[in-house]
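Here is the structure we will look at.
The values are calculated or read from the model by the stated rules, or taken from the named source; none is laboratory data. The structure displayed is predicted, hence computed values, not measured ones. Methodologically, a virtual Cβ is constructed for each residue, glycine included, from the backbone with ideal geometry; neighbour enumeration extends over all protein chains shown. In case anyone asks, the SASA skips ligands and DNA or RNA and just uses the protein heavy atoms, side chains included. Shrake-Rupley method; radii C 1.70, N 1.55, O 1.52, S 1.80 Å.
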Amino acid sequence: MKKKIALIFGVTGQDGAYLSKFLLKKNYIVHGIKRRNSTLNTYRIDDIYSDPFSKKKNFILHYGDISDSLSVFNIIKKVKPDEIYNLAAQSHVAVSFNLPEYTTNVDALGTLRILEAIVQLNKKIKFYQAGSSEMFGKVIETPQTEKTPFYPRSPYGVAKVYSHWITVNYRESHNLFACNGILFNHESPLRGETFVTKKVVRALCRIKQKKQKKLFLGNIYSKRDWGHAADYVQAMWKILQYKKPEDFVICTGKQYTIKQFINMVAKELKIKLRWNGKGINEKGIDGNNNIIIECKKKYLRPAEVDTLRGNYSKARKLLNWKPTHNIKSLIKDMIEYEYNSDS
Ligand code: NAP
Ligand code: F7E
């Protein structure tokens, strides 16, 4: 049987790496788009990189950029994929306040560029759009489902709402197999170092190993529904294998504050941690009375998403998907990786 071909925009990111490995196991030929960078940015996928001169390549990288229509069009034309996964994004919410125009170009118009290329080249290509729980923002109801109205709170969230609706619009007006995954926060050892879970795990591991003295954070009272990226990329694939194109919420249904997450990491690392003070003056103190955690205004956002908790009933029922990891196994996985890395 002919192998299926997948094309991943955002292949060098956390989800791109997990999805590539998942699809290769499913016997796909995987193509990915990487950006030109002054330093190497493929560390998450170096272990699956094929020799570019080998005849049996099953993982192939192309230079491209989702802000460049021509490169998007030409790569899709050349690769002739069966499935496209759009994971490419300026994905940092706080950064989107500093780079609103750039974030909109990549996270909103980038999606349009792919959809338009699909319409021009081959309407049979299936399309997955990486939607986000950030679209729910200042939540209208809890838990959030596929029917919950959006109320984004950042340029990132607003751009993702555009991508959500343009995907729905192309599905309805051009009859595309185009789907939105509305994914809640998902983490892993490969998470970018400036997202809060990775920042906390990495810093507390380094503090435990006496390589670092302090961790600086922002608002530790927001609540998130955190899952594991390995589970969530499986959902992306399942969404594209469903009999018709639909949108799905993917989450765990459980939520914790950042402070609870920190306490769980500290407990796992056997760091005695107590808290003192309130608000921005709250501090985390270890068993030797050293202040190891401080909150700084610099890390507060102009508008915060205070609480997110999803309901994945639709995915469970129609896709037979459920998370296999819980917060404890996620933390263990992240700590183990940190301890085995030499930075
Ligand atoms: P990530 O680690 O930040 O990866 C983003 C990827 O997009 C990287 O490969 C990045 O390339 C690429 N990219 C950025 N700008 C690009 C451009 N102009 N052209 C081409 N590629 C570009 O994000 P992630 O956590 O894997 O998330 C994957 C997707 O899911 C993103 O769209 C994100 O917004 C969305 N999402 C994530 C979560 C989550 O909790 N992780 C939840 C919901 C939705 P470089 O490596 O060169 O930077
Ligand atoms: O922040 C608070 C921060 O940056 C989580 C992206 O993958 O998930 C991610 O967006 C919470 C926020 O993730 C720090 O204010 C406190 O309330 O880890 P985060 P995010 O903003 O939820 C969604 C679903 C996406 O789609 C995004 O692409 O933690 N927080 N102190 C902090 N956050 C960071 N980054 N750094 C801190 O020092």
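Between Gln129, Gln120, Gln90, the distinction of being touching a residue at least 40 places away in the same chain (Cβ under 8 Å) and part of a loop (DSSP other than H, G, I, E, B) belongs to Gln90 only. In this entry, Phe9 passes the filter for residues that are among the aromatic types (Phe, Trp, Tyr), open to solvent by less than 50 Å² (accessible area, probe 1.4 Å), within 16 Å of ligand 2 (Cβ to nearest atom) and touching a residue at least 40 places away in the same chain (Cβ under 8 Å). The lone criterion from (1) buried (at least 18 other Cβ atoms within 10 Å of the Cβ); (2) of a type in the set (A, V, I, L, M, F, W, C); (3) assigned to a loop (DSSP other than H, G, I, E, B) left unmet by Ala108 is number (3).
Matching residues to (1) assigned to a loop (DSSP other than H, G, I, E, B); (2) not aromatic (Phe, Trp, Tyr):
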position: Gly181; (1), (2): no, yes
position: Pro189; (1), (2): yes, yes
position: Glu193; (1), (2): yes, yes
position: Thr197; (1), (2): no, yes
position: Val200; (1), (2): no, yes
position: Ala203; (1), (2): no, yes
position: Lys213; (1), (2): yes, yes
position: Ile220; (1), (2): yes, yes
position: Tyr232; (1), (2): no, no
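One residue stands out among those in the stretch 15-38 that are within 16 Å of ligand 2 (Cβ to nearest atom) and touching a strand residue (DSSP E or B) at 6+ places or on another chain (Cβ under 8 Å): the one that is farthest from Ala88 (Cα to Cα), which is Leu19.
Just one of the listed residues (Lys21, Lys55, Lys78) is modelled with pLDDT under 95 and either open to solvent by 40 Å² or more (accessible area, probe 1.4 Å) or assigned to a helix (DSSP H, G or I) (or both), and it is Lys55.
Total residues in the stretch 187-228 satisfying the condition of being in contact with a Pro (Cβ under 9 Å, 6 or more places away or on another chain), within 11 Å of ligand 1 (Cβ to nearest atom) and not acidic (Asp, Glu): the figure is 3.
Val30 falls short of the stated requirement of being within 11 Å of ligand 1 (Cβ to nearest atom) and at pLDDT 95 or above.
Yes or no: the stretch 288-307 includes at least one residue that is within 16 Å of ligand 2 (Cβ to nearest atom), part of a helix (DSSP H, G or I) and of a type in the set (Val, Ile, Thr). No, because not a single residue in the stretch 288-307 is within 16 Å of ligand 2 (Cβ to nearest atom), part of a helix (DSSP H, G or I) and of a type in the set (Val, Ile, Thr). Scanning the stretch 39-52 for residues that are under 21 Å from the mean Cα position of the chain (by Cα), more than 16 Å from ligand 2 (Cβ to nearest atom) and either among the aromatic types (Phe, Trp, Tyr) or surrounded by 12 or more Cβ atoms within 10 Å (Cβ to Cβ) (or both) yields a count of 5. Is there a residue in the stretch 227-244 that is open to solvent by 10 Å² or more (accessible area, probe 1.4 Å), farther than 24 Å from Asn86 by Cβ, more than 15 Å from ligand 2 (Cβ to nearest atom) and of a type outside the set (A, V, I, L, M, F, W, C)? No: the stretch 227-244 contains no residue that is open to solvent by 10 Å² or more (accessible area, probe 1.4 Å), farther than 24 Å from Asn86 by Cβ, more than 15 Å from ligand 2 (Cβ to nearest atom) and of a type outside the set (A, V, I, L, M, F, W, C).
Matching residues to (1) within 9 Å of ligand 1 (Cβ to nearest atom); (2) not aromatic (Phe, Trp, Tyr):
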position	(1), (2)
Ala130	yes, yes
Ser133	yes, yes
Glu141	no, yes
Tyr170	no, no
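Scanning the stretch 156-210 for residues being farther than 26 Å from Arg274 by Cα, away from ligand 2 (no atom under 13 Å from the Cβ) and open to solvent by 50 Å² or more (accessible area, probe 1.4 Å) gives a total of 7. For the stretch 311-320, does any single residue satisfy the condition of being part of a loop (DSSP other than H, G, I, E, B), in contact with a strand residue (DSSP E or B) (Cβ under 7 Å, 6 or more places away or on another chain) and touching a residue at least 60 places away in the same chain (Cβ under 8 Å)? Yes: the stretch 311-320 contains one or more residues that are part of a loop (DSSP other than H, G, I, E, B), in contact with a strand residue (DSSP E or B) (Cβ under 7 Å, 6 or more places away or on another chain) and touching a residue at least 60 places away in the same chain (Cβ under 8 Å). The criterion of being of a type in the set (D, E, K, R), more than 18 Å from the chain's Cα centre (by Cα), surrounded by 15 or more Cβ atoms within 10 Å (Cβ to Cβ) and in a helix (DSSP H, G or I) does not hold for Lys267.
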